[in-house]
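Notes follow once the structure below has been shown.
The values are calculated or read from the model by the stated rules, or taken from the named source; none is laboratory data. Bear in mind the structure is a predicted one, so any value in this text is a computation, not a measurement. With ideal geometry, Cβ positions are generated from the backbone for all residues, glycine too; neighbour counts draw on all protein chains shown.
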Amino acid sequence: MKDGLPPLNALVAFEAAARLGSITRAARELCVTQAAVSQQVRRLEGHLGLALFARGGQGLRLTDEGRRYLDGIAGPLASIRRATDALMAEDTSGVLTVIAAPSFANRWIVPRFNRFYERHPDIDLRIGPAPVAPELGRGVDIIIYHDIGDRPGTYSMPLMGERIFPVCSPELLDANGGEAASFLRGQLLLRHARDGMGLWEAWLEKAGLGDEGLRFGPRFDFSYLALAAALDGAGVALGRTLLVAEDLAAGRLCVPVPLTMVAPRPYWFCCAEAHAERPRVAAFREWLVDEMRRDADVDAWLQSREAAYIAGRGGVACLGGGGLSPARGSF
C-alpha cells in the first residue's frame, strides 16, 4: 500500500458504489459514466494494494477488506458532505431549478408561483416542464413526477392524495344543464392520450352510465391541454384535484356531476438526499406543503358534495342549474 491519503474522487466513487450496490446507480448519483466509476474504484484498489470488490458472479459484492474500509470511510465522507452543504447554503438566496411533469408545472406551479415569491423574494426560481423525469444534479435541484419515489440516494415525499372527476366551464353547464346523462351525451368528452379510455370508462361505470351515445373528443398528449379546452368551453374533461383546485376555487371550472374516483398515482417531490435540508430546497418543500393545505380544503369540499349528492339524489340524477363550484357559495 502506498503512503498518504488516497485520491478523494476514488474514495467517493467507491463509497457510492458500495453503498448503492451498483456501479450504474453510483454513476447516476455522481453524474458520471459507469466507466468513470469503475476506473476510480480500480485506482483506489491500486493505491491500497487490495481488492475491495469480488469480481465475477452477479451483482456487486464487497470483499471483507472492502466492507471494513467502507465502514471506516462512510462516516467521515458524510461529515464532509454536511459541512460543505452547510457552508454553501447559509442563506436561501440563489437559483433553485424545479423540473416537473408538464401538467403539474402548467396547472399547479405556474398559477401560484407569485405566492412563493412573496415569501422568498431572494430565491431565483427556475421552472421547467419535461415529459420524462430527468436525473437530479447538473443544475436540477427538485423534480416532481409520478412514480419516482424509489430512486436511490434521494429524499422523496408523496404529495397529497387526489381525486379524479369531470370538470367543465360554468358557461357550458349553464347553457346545457339538465339530467346528467343527457348533459354528458351532449358534450365532447375530452381525453388524455396516454390514458386512452381507461379513466373515462372507470368514471362512467361508477356513475352508472354506459358509453352509448357519448361523443369523445380529441386526444391530448398532456392533461393540461384537455383542461385548457374545458376552460374554453369545448367540452368536459377529467380533472385531478391538484390540477384544477385553483380553477375550482376561482369559479373558472365547475363540477357537473360530483362523483369522484381516487387518482391511481400520486405526484412525488424528489431531491438529492444530501440536499434535502439546504435552505432553498427546504423553503420550496415547505411552501409546497402549505399550498397543498389549500388544495386539501377543495378536496374536502369535493368529498362533502359527493356524499350529499349520493345521499340526496340516489346516484346520478338531475343537475342543478349552475353546477357545483367552491366559488359559487358551496365552499
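Observations
- In segment 1-15, of all residues being in contact (Cβ under 8 Å) with a residue 40 or more places away in the chain and under 32 Å from the mean Cα position of the chain (by Cα), the one that is surrounded by the fewest Cβ atoms within 10 Å (Cβ to Cβ) corresponds to Glu15.
- Any hit, segment 143-152, residues being under 16 Å from Ala282 (Cα atoms), surrounded by 19 or more Cβ atoms within 10 Å (Cβ to Cβ) and not hydroxyl-bearing (Ser, Thr, Tyr): yes
- So Leu248, is it farther than 17 Å from Gly137 by Cα and out of contact with any Lys or Arg (no Cβ under 9 Å at 6 or more places or on another chain): yes
- Matching residues in segment 13-37 - criterion: being acidic (Asp, Glu) and at pLDDT below 85: Glu29
- Taking segment 159-271 and the helices (runs of 4 or more DSSP H) fully enclosed by it, the elements with 2 or more residues that are more than 21 Å from Phe113 (Cβ to Cβ) are at 170-176, 180-185, 198-206, 223-231.
- Among the residues making up segment 204-215, a single one is under 28 Å from the mean Cα position of the chain (by Cα) and either hydrophobic (A, V, I, L, M, F, W, C) or surrounded by 21 or more Cβ atoms within 10 Å (Cβ to Cβ) (or both): Leu204.
- Cβ-Cβ contacts under 8 Å between residues 6 or more apart (or on different chains), taken from a first residue in segment 111-126 that is within 18 Å of Ile144 (Cβ to Cβ) and outside the structural domain of Leu248 (by TED's automatic domain parsing) to a second residue that is assigned to a helix (DSSP H, G or I) and among the acidic types (Asp, Glu), are listed as Pro111/Glu246; Arg112/Glu246; Arg112/Glu291; Arg115/Glu291.
- Looking only at segment 228-241, residues that are out of contact with any strand residue (DSSP E or B) (no Cβ under 7 Å at 6 or more places or on another chain) and either in contact (Cβ under 8 Å) with a residue 40 or more places away in the chain or within 20 Å of Ala202 (Cα to Cα) (or both) come to 3 in all.
- For Leu50: the one exception among (1) assigned to a loop (DSSP other than H, G, I, E, B); (2) at pLDDT below 90: (2)
- Just so you know, in segment 242-295 the residues that are under 29 Å from Glu201 (Cβ atoms) and among the basic types (Lys, Arg) include one that is modelled with the highest pLDDT, and it is Arg252.
- The residues listed here are Pro166, Pro218; of these, the one that is over 26 Å from Leu288 (Cβ atoms), modelled with pLDDT of 90 or more and more than 21 Å from the chain's Cα centre (by Cα) is Pro166.
Residue by residue, here is whether (1) hydroxyl-bearing (Ser, Thr, Tyr); (2) surrounded by 17 or more Cβ atoms within 10 Å (Cβ to Cβ); (3) assigned to a helix (DSSP H, G or I) holds:
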site	(1), (2), (3)
Ala18	no, yes, yes
Thr24	yes, no, yes
Ala36	no, no, yes
Gln40	no, yes, yes
Glu45	no, yes, yes
Gly66	no, yes, yes
Asp71	no, no, yes
Pro76	no, no, yes
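- Of all residue pairs spaced 6 or more apart or on separate chains, none has beta-carbon atoms under 7 Å together with a first member in segment 202-227 that is more than 29 Å from Pro131 (Cβ to Cβ) and a second member that is modelled with pLDDT of 85 or more and among the small types (Gly, Ala, Ser).
- Count - residues of segment 185-207 that are modelled with pLDDT of 75 or more, within 21 Å of Ala263 (Cβ to Cβ) and small (Gly, Ala, Ser): 3
- Just one of (1) farther than 15 Å from Phe14 by Cα; (2) modelled with pLDDT of 85 or more; (3) in contact with a helix residue (DSSP H, G or I) (Cβ under 8 Å, 6 or more places away or on another chain) fails for Leu62. It is (1).
- Selection count, segment 31-66, where residues are closer than 23 Å to Glu273 by Cα and touching a residue at least 40 places away in the same chain (Cβ under 8 Å): 2
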